[in-house]
Amino acid sequence: MRDDRYPVARPSLSELEERYVLDALRSGWVSSQGPYLNDFEDRFARRCATETAVATTNGTVALHLVLAAAGIGPGDEVVVPALTYVATANAVAYCGARAVCVDVLPQSWCVDPAAVRAAIGPRTRAVIAVDLYGHPADYPALRALCHRHGLLLVADAAESFGATVDGHPTGSLADATTFSFFGNKVITAGEGGCVTTSDEALADRMRLLRNQGMDPRRRYYFPVLGYNYRMTNLAAALLCAQLDRADEIIARRDAVIAGYEAQLADEPALSAQPVVAGVRRAPWMAAFLVGPEGDAISRDAVARALDRLGVETRPFFVPIPDLPAHRDPGAHCPVTVDLSRRGINLPTYPELTDAGVKAVVERVRAALSTVA
């Protein structure tokens, strides 16, 4: 085991986060009420150019909360991309609904609006678009499609805090947008999530369900079945500090990914994440494809070689229709299958120095030479 190992992700935490968390701790407001919670929701909504933010326990329950508040239930269908983290499909299943998986576009790695249109049927109630590896989906096309069919459009922006489409920030591009603040995300509270929306009725319903369904005007009276999906004031304190530092965090992560892409641009075995015109992607994870489609170079062999050289990587997600809980042998998603087989993420975090990026690049070249 090498001493100079590079992890694939690491949270960026400073004395500011420590100060805010200690302040929350000493105030006694450590659970699901407190000034940092209110401050975070207000500031996050403004940052996302939307009316309301509803903080949650994590990004998965944020997705479930949106769908539950919208009344999605048994017999309903929700269209989702086949290439995404399992939480996207799990949230649909939690509602008793069925996730209908469709393919993604090679130009963006995000859900294909034409495939979404073809999948809409009489039971379709919603579409969840996923901003894969920080790149926003085609929201103008998806909004028009969902409006035409009367469907709820949800953006799963777990990976895209800081991204924009034609200057409009993630969080304002769909009917509701969900975020994750897991330890490897652009900003983090270790765990945590949020929903942004400008639909006040939907926001009110989410707040009701988030708090066990308790009537806000009558304590300990529960008119509906709810959930304990509340964020703590301690987590919100962390996030307030992260928001204070968000621009510097994003800038450094941008520099890390730009460094990889520039230094590996001449490597024929790798191709960088494509970015569509008008999109500013969020710098979540440096993402590359190994080898051309059908090439004999194995992404997994490269990952094993890099691990021996002290570089941790991540493979792209396994297609949702291939997972036991969501298996669908009839799903035809060739782009998803190819991307899943070839995709790899390299270490991406703000504390990775320029020298560290160069060292990782050198080890990537060495790994590729051993498996070619």
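Exactly one residue out of Asp244, Asp354, Asp307 is free of Cβ contacts under 8 Å to residues at least 12 places away in the same chain and over 23 Å from Val86 (Cα atoms), and it is Asp307.
Just one residue in the set Ala91, Ala87, Ala70, Ala45 is open to solvent by less than 40 Å² (accessible area, probe 1.4 Å) and over 19 Å from the mean Cα position of the chain (by Cα); that residue is Ala70.
Tally the residues that are open to solvent by less than 30 Å² (accessible area, probe 1.4 Å) and of a type in the set (Asp, Glu), restricting the search to region 165-180. The qualifying residues number 0.
Has region 320-331 got at least one residue that is over 30 Å from Ala118 (Cα atoms), touching a strand residue (DSSP E or B) at 6+ places or on another chain (Cβ under 7 Å) and surrounded by fewer than 21 Cβ atoms within 10 Å (Cβ to Cβ)?
Taking region 320-331 first, the residues over 30 Å from Ala118 (Cα atoms) are none.
No - not one qualifying residue is present in region 320-331.
Checking every residue in region 290-306 against the condition of being outside any helix (DSSP H, G or I) and modelled with pLDDT of 95 or more gives at least one match.
Mind listing just one residue for me: the one in region 165-180 that is of a type outside the set (A, V, I, L, M) and in a strand (DSSP E or B) and, of those, farthest from Thr50 (Cα to Cα)? Please lay out each step first, then the result.
In the first step, residues of region 165-180 are kept if they are of a type outside the set (A, V, I, L, M); the result is 166-172, 175, 177-180.
This time we only want the ones that are in a strand (DSSP E or B), so: 168-169, 177-180.
On the way: His168: 10, Pro169: 9, Thr177: 10, Thr178: 12, Phe179: 14, Ser180: 17 Å.
Across region 165-180, the extreme among qualifying residues is Ser180.
If we keep just the residues of region 245-255 that are out of contact with any Gly (no Cβ under 6 Å at 6 or more places or on another chain), of a type in the set (A, V, I, L, M) and closer than 25 Å to Gly59 by Cα, which is surrounded by the fewest Cβ atoms within 10 Å (Cβ to Cβ)? Spell out how you get there, then give the answer.
If we filter region 245-255 for residues that are out of contact with any Gly (no Cβ under 6 Å at 6 or more places or on another chain), which is where we start, we get 245-249, 251-255.
The next check asks that each one be of a type in the set (A, V, I, L, M); those that pass are 246, 249, 251, 255.
Adding the requirement that they be closer than 25 Å to Gly59 by Cα leaves 246, 249, 251.
Details: Ala246: 17, Ile249: 23, Ala251: 12.
Here the residue is Ala251.
Residues are listed down the side, and each one gets a yes or a no for (1) of a type outside the set (D, E, K, R); (2) open to solvent by less than 40 Å² (accessible area, probe 1.4 Å); (3) in a helix (DSSP H, G or I):
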residue	(1), (2), (3)
Val195	yes, yes, no
Leu202	yes, yes, yes
Leu208	yes, yes, yes
Asp215	no, yes, no
Arg219	no, no, no
Met231	yes, yes, no
Leu234	yes, no, yes
Leu243	yes, yes, yes
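Cβ-Cβ distances below 8 Å connect no pair with a first residue in region 313-328 that is free of Cβ contacts under 8 Å to residues at least 24 places away in the same chain, a second residue that is in a helix (DSSP H, G or I) and of a type in the set (Lys, Arg), and a separation of six or more residues or different chains.
Within region 1-37, the residues that satisfy the criterion of being within 15 Å of Gln242 (Cα to Cα) and either polar (S, T, N, Q) or at pLDDT below 95 (or both) are Ser12, Ser14.
Let's see how each residue does on (1) open to solvent by 20 Å² or more (accessible area, probe 1.4 Å); (2) within 27 Å of Pro268 (Cβ to Cβ); (3) β-branched (Val, Ile, Thr):
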position: Val318; (1), (2), (3): yes, yes, yes
position: Leu339; (1), (2), (3): no, yes, no
position: Leu352; (1), (2), (3): no, yes, no
position: Arg365; (1), (2), (3): yes, yes, no
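Evaluation of Ala265 against the conditions (1) surrounded by 17 or more Cβ atoms within 10 Å (Cβ to Cβ); (2) of a type outside the set (Val, Ile, Thr); (3) not in a helix (DSSP H, G or I) shows that the sole unmet condition is (1). For region 140-161, indicate whether the set of residues that are over 18 Å from Ala70 (Cα atoms) and of a type in the set (S, T, N, Q) is non-empty. Yes. The set of residues from region 144-164 being touching a strand residue (DSSP E or B) at 6+ places or on another chain (Cβ under 9 Å), more than 22 Å from Val54 (Cα to Cα) and either open to solvent by less than 10 Å² (accessible area, probe 1.4 Å) or charged (D, E, K, R) (or both) comprises Leu145, Cys146.
When restricted to residues that are open to solvent by 40 Å² or more (accessible area, probe 1.4 Å) and in contact with a strand residue (DSSP E or B) (Cβ under 6 Å, 6 or more places away or on another chain), region 1-36 contains 1.
The values are calculated or read from the model by the stated rules, or taken from the named source; none is laboratory data. Nothing here was measured: the structure is a model prediction, and the numbers come from that model. Backbone-built Cβ (ideal geometry, glycine too); neighbour counts: all protein chains shown. What goes into the accessible areas is simple: the full protein's heavy atoms, side chains included, and nothing from ligands, DNA or RNA. Shrake-Rupley method; radii C 1.70, N 1.55, O 1.52, S 1.80 Å.
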